[in-house]
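A single structure is presented below for examination.
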Amino acid sequence: MFDITPYPTFSWSLSRHKTLTSCARKYGYEYYFSHNGWLSYNVEPFHQHVYRLKKLQSMPILFGQIVHRFIEQAINDYLQTGKPPSLEELIHWARGQLNAAFVDSTRHFELWRQKPTKYYMMQEIYYNGMLNPELIQDYKERLRLVFNHFLMSETFRQITAQKGSLRIGEPEQFRSMKIDDIQVFVVMDFHYYDELTDKWVIVDWKTGSESDDDRQQLALYAYYVQQKYRVSLEQIEVYNEYLLTGKRKKYVFTDIDMDNILYTFQRSVLEMKKYQADIFSNEPLDIEDFEQTLEKWHCRGCNFRELCEQI
Ligand code: SF4
């Protein structure tokens, strides 16, 4: 049972930081004005509206979530049964979820409006009324590519070759740590301890292209593992598995990277605090005080654009 609070609890994550960097108004919608929007009564319709928009999923986001979910399930099932799923099974399961999202988005608008956490709504369908056939074809082809590369990946091959000597880290949803007394969420895909090499291995599966942010994200994960298990950076190996291309990239971090990530965190928290009307309750400033970005290309893929267009 959750307590109903007037304002959300302040916390930090890299995605929160990136949202604020892209657009303060979007940050306000995502992290403040959607709060309590999941309630069906005793809440202003504005917050319900913002919350519904927050729950829209664009095709790349939905695709990434579904692929990550089945990869996690495939690894867990393998560890329990010793049997890896086939490529066709993975494609079949993921395609089923994508189809369910399409059906919800096109036929269950009212149900989604009432219960936006229980039903899917694709951002493209919400705003354009349809999915571009080329986009559908593109993602159909991506499904085969990403699962094939997952099954062939060095990470999955190591899991299947050394099952007995790997200690798998706790599931994604429980990962958080405190820095300067602030809850920091770390949405890490997969990590394990390899007894044979005495190394902690962090793996991040990517369903999109390589990005400049990848290194920073992995540095935060390395910091988390370093703190949580009290190990040195030399004992931590960090990889991106790019599932579209099959490329595996290894990162080597030093204390300078850890200092940089802490510096980013501290600067980012200071920036976020500017939008609090009350630092104790985390009450936000008025929505108008969260500036809209001037870089309008951010708006093209933004879930909240109908709110900004009304202004
Ligand atoms: S539509 Fe543009 S200005 Fe409005 S919240 Fe989104 S990114 Fe910001």
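The values are calculated or read from the model by the stated rules, or taken from the named source; none is laboratory data. It should be emphasised that the depicted structure is a prediction, and the values quoted were computed from it without experimental measurement. Note that we place each Cβ from the backbone using ideal geometry, even for glycine, and neighbour counts take in every protein chain shown. For accessibility, only protein heavy atoms count, side chains too; no ligands or nucleic acids. Shrake-Rupley method; radii C 1.70, N 1.55, O 1.52, S 1.80 Å.
Just to be sure I understand: of the beta bridges DSSP finds with both ends in the chain, what percent are antiparallel, rounded to 5?
In the chain, approximately 65 percent of DSSP beta bridges are antiparallel ones.
Show C308, C302 ordered by accessible area, largest first, where the area counts protein heavy atoms only and the probe is 1.4 Å.
Heavy-atom accessible area, descending, gives C308, C302.
What value does the chain have for Rg/Rh, both radii from Cα atoms and Rh as Kirkwood defines it?
Reported Rg/Rh, Kirkwood definition of Rh: 0.97.
Could you calculate the contour length gain from K18 to Q158, that is, 0.36 nm times the residue separation minus the distance between their Cα atoms, to one decimal place in nm?
Full extension of this stretch gives 47.1 nm more.
Return one whole number: the accessible area per residue of the chain in Å², for a 1.4 Å probe.
That works out to 55 Å² for each residue.
Evaluate the distance, in nm, between pseudo-label points positioned 7 Å from the Cα of N148 and of L294 along their respective Cα→Cβ axes.
Result: 4.7 nm between the two label points.
In nanometres, what is the gap between the two model label sites at Y41 and R95, each 7 Å from Cα along Cα-to-Cβ?
Roughly 4.6 nm, to one decimal.
Using a Förster distance of 22 Å, how high is the FRET efficiency between S165 and R69, based on the Cβ-Cβ distance and rounded to 0.05?
Efficiency, rounded to the nearest 0.05: 0.25.
Mind giving me the nanometre distance, one decimal, between the label points for Q235 and T81, set 7 Å out from Cα along Cα→Cβ?
My value for the distance between the label points is 3.5 nm.
In vacuo Debye scattering of the range 155-253, one point per C-alpha: log10 I(q)/I(0) at q = 0.10, 0.25 Å⁻¹?
Scattering profile of the range 155-253, log10 relative to I(0): -0.27, -1.51.
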